[in-house]
Amino acid sequence: TRSCNMACTYCIDGEAYDQKDCLGSANMREDAALRAVDYLLDHSSDQTHPLAVSFYGGEPLLRFPLLKKVVNDAKMRAEEKGKDIVFSVTTNGTLLTPDIAKFLIRHSVQIVVSLDGPKETHDRYRHFKKGGGSFETVTTALQMVRDIAPDYFDQFVRCSVVVTPSSNLE
């Protein structure tokens with residue numbers, strides 16, 4: 001999906017760019033998502049590493065039912081073809097719930113969470129459309145995932161950091 005629940009100032013769909021929403025707010029149809037998985041499985045005969053499917057957006061967790069369907073369907077189809085498949089989701093972390101986290105954990109989906117540093121730095125650019133920073137929501141969600149499955153957290157949770165011109169990398 002191109003849709004998002006945030007209004008990050010440096011996002012291509014945010015206020016910093018002249019061509020806001022240049023690609024629209026299109027959502028991938030279910031049939032297209034499943035055909036993409038079929039294509040991947042059908043065109044990977046020389047597979048030496050697990051095939052990888054990544055969910056990216058906008059905010060992919062806005063379409064969690066489709067993500068869930070694709071993961072379940074892809075795993076079944078990959079198994080039928082004797083192939084290994086892995087998944088990742090890049091998310092702002094604000095929509096992670098215990099149920100979503102448990103699904104991602106159960107299926108070993110790597111979670112890449114956007115976290116730009118300490119509260120002041122993160123909240124300067126990453127805020128909700130209705131206003132207010134997202135740092136507390138994101139860090140609470142990360143702690144929830146860690147509480148549910150500490151080993152999974154250590155192995156499968158990563159952060160994506162956007163370094164802005166005014167950032168102090170120290």
Go ahead and estimate [θ] at 222 nm for the chain from helices alone: -39,500 (n - 2.57) per DSSP H run with n ≥ 4, summed, over the residue count, rounded to 500. -12000 deg cm²/dmol
How long is the chain along each principal axis, judged by its Cα atoms, biggest number first, in Å? 49, 39, 29
How about the range 27-66: which chymotrypsin sites (Phe, Trp or Tyr not before Pro) there are in a DSSP loop, with at most 12 other Cβ atoms within 10 Å of their Cβ? TYR56
Give, as a single signed number, the net charge of other residues whose beta carbon lies under 11 Å from the beta carbon of PHE55, with Lys and Arg counted +1 and Asp and Glu -1. +1
May I ask for the net charge around VAL113, where only other residues with Cβ less than 12 Å from the Cβ of VAL113 are counted and Lys, Arg are +1 while Asp, Glu are -1? +1
Just for the range 41-149, what percent of DSSP beta bridges are antiparallel, to the closest 5? 10 percent
Report MET144's accessible area, 1.4 Å probe, all protein chains in place, as a number in Å² to the nearest 10. 40 Å²
Semi-axes (Å, rounded, descending) of the ellipsoid equivalent to the range 100-164 per its C-alpha gyration tensor are 24, 12, 10
Long-range lysine pairs (8 or more apart or interchain), the chain, Cα under 16 Å: 4
Phi to ³J(HN,Hα) by Karplus 6.51 cos²θ - 1.76 cosθ + 1.60 over the range 72-87, Hz, x for Gly, Pro: 4, 5, 5, 4, 5, 5, 5, 4, 4, 9, x, 10, 8, 9, 10, 9
Using +1 on the beta carbon of Lys and Arg, -1 on that of Asp and Glu, and nothing else charged, what's the dipole of the range 1-132 about the Cα centre, debye to 20? 360 debye
Linear extension gain, LYS130 paired with ILE148, 0.36 nm per residue minus alpha-carbon span: 3.5 nm
Once the Cα atoms of helix 135-148 and of the chain are each reduced to a long axis, what angle between those two axes, in degrees from 0 to 90 to the nearest 10, is obtained? 40 degrees
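The values are calculated or read from the model by the stated rules, or taken from the named source; none is laboratory data. Here the structure is a predicted model, which means the values were calculated and not measured. Positions of Cβ are generated from backbone atoms using ideal geometry, with glycine treated the same way; all protein chains shown enter the neighbour counts. Accessible surface is based on the protein model in full, side chains and every heavy atom, while ligands, DNA and RNA are left aside. Shrake-Rupley method; radii C 1.70, N 1.55, O 1.52, S 1.80 Å.
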